[in-house]
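For reference, the structure is listed below as structure tokens.
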Amino acid sequence: MHLPRLLNNKKILFFFILLFFFNLSKTNSNINNSVIISVGDQPITYLDLIKEMRLISFLNNIKLDSSNRETFKSVAVQGLITRKIKEIEINKYKINEFNTKDLQNLINKTSNNLGTTEDGLEQLLLQNNLNIKNLKDRFKIDLKWNTLIFQLYKNKVVLNTNEMENKIRFEMENIKEKRLFLLSEIEINLTQNNEKETLNNIYKNIETEGFENTAKKFSISNSSQYGGNIGWIDEKNLSKKIFENIKFLKTEELSKPIYLDDTIVIIKKVGEKVFEKNIEKVKNRIVRQEKEKKLQMFSKAHYSKLEKTIQISFL
């Protein structure tokens with residue numbers, strides 16, 4: 001075969017390969033952008049469905065595969081329809097306001113559930129062909145819906161006074177005062193030979209180098225790597241012997257040596273919190289919870305009514 005003819009044949013083959021992939025790409029694009037469900041006048045595309053399935057998989061940390069694809073699809077379709085119905089009503093009432101603090105709380109909660117920060121969440125979403133904007137838009141619809149329900153029904157939220165008083169009384173009777181101690185410790189082995197000398201050295205070292213450095217140097221407890229810090233402890237979780245030795249300590253004050261089974265412990269009281277019964281806090285919390293319950297009832301009823309009136313078509 002002549003070289004010019006061979007080159008021409010290769011050019012023709014290359015042209016047909018390019019044409020094939022162009023048409024394939026165009027076909028896939030048409031599939032992705034095709035409308036599969038209409039909710040009123042709002043379309044849901046195949047691409048919307050795929051993104052929603054990916055997002056559900058990501059948020060629940062469950063791999064999407066052939067064994068659960070239909071379940072994911074069913075959940076995704078219902079979620080998309082629900083948000084479209086809410087979106088139609090939000091647009092009808094021209095609701096643009098929402099609590100930005102609630103949005104940030106939702107982002108923080110999602111980040112924490114996945115063991116990362118907001119920046120880390122954004123990177124994880126990108127790795128899964130998703131983005132933070134999609135997630136925020138998803139949250140915003142629910143938050144704007146909450147704004148709408150509040151505006152429509154805030155004047156219809158009526159609380160039963162007797163019922164509220166009974167709940168507050170019951171709550172107050174069952175709340176117990178709580179006392180927490182922020183403690184640090186130095187624990188040493190109990191020895192008969194040089195016990196007094198060791199304790200004197202520890203107390204002197206605390207005076208010169210501080211409690212944390214002394215704990216790191218002398219303490220045999222696992223807390224030594226944290227400078228003896230053992231965190232906030234509820235008084236109920238302290239042994240009787242330790243509690244009796246620290247209950248009257250002032251902040252930053254040290255206990256006398258506390259003799260346990262085979263060790264001696266020196267406790268430093270770093271801080272203290274006392275949670276007392278506060279009827280105003282209890283009242284405000286219960287009132288808020290009851291109002292939220294009432295608004296949730298109105299929200300469900302309002303959505304149910306819309307669901308029956310808005311036409312949903314599967315194409």
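The values are calculated or read from the model by the stated rules, or taken from the named source; none is laboratory data. Predicted model, so just to flag it, every value in this text is computed and none were measured. Quick reminder, even Gly has a Cβ in these numbers, built from the backbone with ideal geometry, and neighbours come from all protein chains shown.
For the stretch 201-257, a tally of residues being under 23 Å from Glu177 (Cβ atoms), loosely packed, with under 12 Cβ neighbours inside 10 Å and either polar (S, T, N, Q) or in contact (Cβ under 8 Å) with a residue 60 or more places away in the chain (or both) returns 3. Restricting Asn91, Asn30, Asn60, Asn68 to residues that are surrounded by fewer than 17 Cβ atoms within 10 Å (Cβ to Cβ), at pLDDT below 95 and closer than 30 Å to Phe150 by Cβ narrows the list to Asn60.
Checking the structure you have, find out if any residue of the stretch 40-56 is in contact (Cβ under 8 Å) with a residue 60 or more places away in the chain and outside any helix (DSSP H, G or I). Yes; the residues of the stretch 40-56 include at least one that is in contact (Cβ under 8 Å) with a residue 60 or more places away in the chain and outside any helix (DSSP H, G or I).
Residues considered: Gly210, Gly228. Of these, the only one that is on the phi > 0 side of the Ramachandran plot and in contact with a strand residue (DSSP E or B) (Cβ under 8 Å, 6 or more places away or on another chain) is Gly228. In the stretch 246-262, what residues are over 38 Å from the mean Cα position of the chain (by Cα) and under 18 Å from Phe211 (Cα atoms)? Hits for the stretch 246-262 are Leu254, Ser255, Lys256, Pro257, Ile258.
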